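Undergrad: Before I ask anything, here is the structure I am working with.
The values are calculated or read from the model by the stated rules, or taken from the named source; none is laboratory data. Since the model is a prediction, treat every value here as computed from it, not as a measurement. Backbone-built Cβ (ideal geometry, glycine too); neighbour counts: all protein chains shown. Please note that ligands, DNA and RNA were not included when accessible areas were found on the heavy atoms of the full protein model with its side chains. Shrake-Rupley method; radii C 1.70, N 1.55, O 1.52, S 1.80 Å.
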Amino acid sequence: GNGGGAAAGGEGHKRRRWGRIVGFTALGLVLVLIVGFISTWIWASGKITHVGALADYSGRPAAGAGTNWLLAGSDGRDTLTKAQQDEYHTGSAGSITGSRTDTIMLLHYGSSGPDLISIPRDSYVAIPAYTDAKGVAHSASHNKINAAYQEGGPQLLVQTVEQNFGIRIDHYLEIGFLGIVNMVNAVGGVHMCLSKAVHDSYSGADLNAGCQTLNGGQALAYVRSRYSLPNSDVSRMSDQQAFIRALVDSAVRPGVLLNPFEFYPFVGGALGSVAADNNTGLLDLIRMARSARPLASGGGTTGTMPIADEGYAVSGIGDAVLLDQTKTAKVIAAVNADKPIPSGLLNSIE
């Protein structure tokens, strides 16, 4: 009977050895995944550009419930080569002292939301006193909200939004023209259904009506079109929100998330072309992307701050957008309390 016992012992030894090999292989795989995850995290975190957009000052609105992001699309033309400026019809910033914002949006989420609210860039607002980069002090003034960014950069834009709307901004995120092109191309284009054709010689948009996949250059031209649209800026804000929904939809496809050949270029393209406030890290951006995801499938609330007059003439400034103070206050009250925005307040931009 001894021979059988030795054979059985040999079998047990073999099994234990295989068990160890499988165990070590599994452990090795887990370690590779962890190292891969950490290195991806460090790589991605290193891609984020930070700007000093948020500052404390006396009279700053108190923090509300939930989380508020100010999203700005800037013309960041300085990052485009001359050939890209021509290709994407952006023109150069030329004589303009600072960059301009094409898009300003408030994104809120918490126990209610997500809410994506466009602030017309021509909104007539009070711009707080500030000191510019050269150390020159400027007193408070009234102007289009766009001027706050142009004259004092992200920090003055955030302060202007906080002061005029009585809302505290928790995070700031800005994306330039090239970022839009890179992100769209990285996910293989965005699928959009246009109810009517968009032909705009200023932005270079030349798109037919119907469902189609837009590449980066086409998507940029689409979100920048305004002169060919009825009700130009409000229509454009609607297009920009539809584009954001389509981009989120494209980015969260398993084909992008699980395919390293699509995932890394997308994350690299996205993070390499955005600037966030100094306190915003990768985790904040991931939380924001997850919280904003319902917008892709028509969830959440979208619209424009309530408008009283779109052609409000101001001497020395031209036509501005006058917001409806009463309705706007109700929108902000809902956002600050993290409650759903009552319907009928936001300008619908379908």
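Undergrad: Out of 70, 33, 27, report the one residue that is in contact (Cβ under 8 Å) with a residue 12 or more places away in the chain and either surrounded by 10 or more Cβ atoms within 10 Å (Cβ to Cβ) or assigned to a helix (DSSP H, G or I) (or both).
TA: When all the criteria are applied, what remains is 70.
Undergrad: Further question: Looking only at the range 182-200, decide whether some residue is part of a loop (DSSP other than H, G, I, E, B), of a type in the set (S, T, N, Q), surrounded by fewer than 21 Cβ atoms within 10 Å (Cβ to Cβ) and at pLDDT 80 or above.
TA: Yes, there is a match, as at least one residue in the range 182-200 is part of a loop (DSSP other than H, G, I, E, B), of a type in the set (S, T, N, Q), surrounded by fewer than 21 Cβ atoms within 10 Å (Cβ to Cβ) and at pLDDT 80 or above.
Undergrad: So for the range 160-169 (the condition being in contact with a Lys or Arg (Cβ under 9 Å, 6 or more places away or on another chain), in a helix (DSSP H, G or I) and crowded, with 23+ Cβ neighbours inside 10 Å), does at least one residue qualify?
TA: Taking every residue of the range 160-169 in turn, none turns out to be in contact with a Lys or Arg (Cβ under 9 Å, 6 or more places away or on another chain), in a helix (DSSP H, G or I) and crowded, with 23+ Cβ neighbours inside 10 Å.
For every residue, the table says whether it meets (1) charged (D, E, K, R); (2) at pLDDT 95 or above; (3) more than 17 Å from the chain's Cα centre (by Cα).
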site	(1), (2), (3)
300	no, no, no
322	no, yes, yes
325	no, yes, yes
328	no, yes, yes
344	no, no, yes
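Undergrad: Within the range 140-159, can one find any residue that is at pLDDT 95 or above, in contact with a Phe, Trp or Tyr (Cβ under 9 Å, 6 or more places away or on another chain), small (Gly, Ala, Ser) and assigned to a loop (DSSP other than H, G, I, E, B)?
TA: Yes, the range 140-159 contains a residue that is at pLDDT 95 or above, in contact with a Phe, Trp or Tyr (Cβ under 9 Å, 6 or more places away or on another chain), small (Gly, Ala, Ser) and assigned to a loop (DSSP other than H, G, I, E, B).
Undergrad: Within the range 129-145, can you find the residues that are over 22 Å from residue 278 (Cα atoms), open to solvent by 10 Å² or more (accessible area, probe 1.4 Å) and either touching a helix residue (DSSP H, G or I) at 6+ places or on another chain (Cβ under 9 Å) or touching a residue at least 40 places away in the same chain (Cβ under 8 Å) (or both)?
TA: If the condition is that a residue be over 22 Å from residue 278 (Cα atoms), open to solvent by 10 Å² or more (accessible area, probe 1.4 Å) and either touching a helix residue (DSSP H, G or I) at 6+ places or on another chain (Cβ under 9 Å) or touching a residue at least 40 places away in the same chain (Cβ under 8 Å) (or both), then 138, 141, 142, 143, 144 are the ones that fit.
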